[in-house]
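Everything below concerns the one structure shown next.
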Amino acid sequence: MSELLTRVEVLYLPDLVNYWLPFGNARYWEELDRRRALAYFAPGKVIGYVRWEANEYGTTFWRFWIATVGHSGNRLQRIPGIRPGAEVLLDASGKARVKRALGAIDRLTANQFDPAHVAPAYFRHLQIRVHTRRPVRAYAAAQYRAEAIRRKLFP
């Protein structure tokens, strides 16, 4: 079963490492211990994945991906912690860009939109706007409904 699913590593070591999923609908979770887990996703699901690392001097690595998971037969990009890979819709690195992208995700959820069901085109727009420090266009209810219809017609 897991050979057809995409596996995402989740890890939390206080003040050192935090790999987490801000959104995404996992098919199932495998708890390895108190600090580690694996989430398994069906092909075509959209997920958010954050990797944060630090040492005694502060944050050393901060990255946020929004991606559509696939399976080994698809053309996929390699993302650390995601096996076999995914199609990247947004890739933000550095504290300022990651916080800006996560802020946009918070605004989506505040407006009652599930980020896992938002149109991929919006995340590509967000990618460009975050990297160029331009204002992000608000996501409209009509876009959300149109994406829901598209997913029903073309699963």
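Scanning segment 133-144 for residues that are closer than 28 Å to residue 40 by Cβ and either part of a strand (DSSP E or B) or among the charged types (D, E, K, R) (or both) turns up nothing.
Before we move on, is residue 70 out of contact with any helix residue (DSSP H, G or I) (no Cβ under 9 Å at 6 or more places or on another chain) and either under 23 Å from residue 148 (Cα atoms) or charged (D, E, K, R) (or both)? Yes: the conditions hold for residue 70. Would segment 73-81 turn up any residue that is under 28 Å from residue 29 (Cα atoms) and touching a Lys or Arg at 6+ places or on another chain (Cβ under 8 Å)? Checked segment 73-81: at least one residue is under 28 Å from residue 29 (Cα atoms) and touching a Lys or Arg at 6+ places or on another chain (Cβ under 8 Å).
Contact annotation: residue pairs with Cβ atoms under 8 Å, 6 or more positions apart or on different chains, pairing a residue in segment 5-33 that is without any contact (Cβ under 8 Å) to a residue 60 or more places away in the chain and among the basic types (Lys, Arg) with a partner that is crowded, with 16+ Cβ neighbours inside 10 Å and not in a strand (DSSP E or B), are 27/5. Looking only at segment 120-155, which residues are within 12 Å of residue 90 (Cα to Cα) and not aromatic (Phe, Trp, Tyr)? Of everything in segment 120-155, those that are within 12 Å of residue 90 (Cα to Cα) and not aromatic (Phe, Trp, Tyr) turn out to be 120, 121, 124, 125, 126, 127, 128, 129, 130, 131. Only one of the listed residues (79, 66) is without any contact (Cβ under 8 Å) to a residue 40 or more places away in the chain, under 24 Å from residue 114 (Cα atoms) and buried (at least 18 other Cβ atoms within 10 Å of the Cβ). That residue is 79.
Which of the residues that make up segment 103-132 are in contact (Cβ under 8 Å) with a residue 60 or more places away in the chain and part of a loop (DSSP other than H, G, I, E, B)? If the condition is that a residue be in contact (Cβ under 8 Å) with a residue 60 or more places away in the chain and part of a loop (DSSP other than H, G, I, E, B), then 114, 118 are the ones that fit.
Among the residues of segment 125-147, at least one is over 13 Å from the mean Cα position of the chain (by Cα) and among the acidic types (Asp, Glu). Listed by first and then second residue, the pairs linking a residue in segment 38-49 that is under 10 Å from residue 26 (Cα atoms) to a residue that is basic (Lys, Arg), with Cβ atoms under 6 Å apart and 6 or more places separating them unless they lie on different chains, are 38/7; 40/7; 40/27; 42/27. In segment 6-81, counting only strands (runs of 3 or more DSSP E) that sit wholly within it, the ones holding 2 or more residues that are under 22 Å from residue 104 (Cα atoms) and among the hydrophobic types (A, V, I, L, M, F, W, C) span 17-23, 46-55, 58-69.
Each reported figure results from applying straightforward, stated rules to the coordinates on display, with no laboratory input. For clarity, every value in this text was computed on a predicted model and none was experimentally measured. Methodologically, a virtual Cβ is constructed for each residue, glycine included, from the backbone with ideal geometry; neighbour enumeration extends over all protein chains shown.
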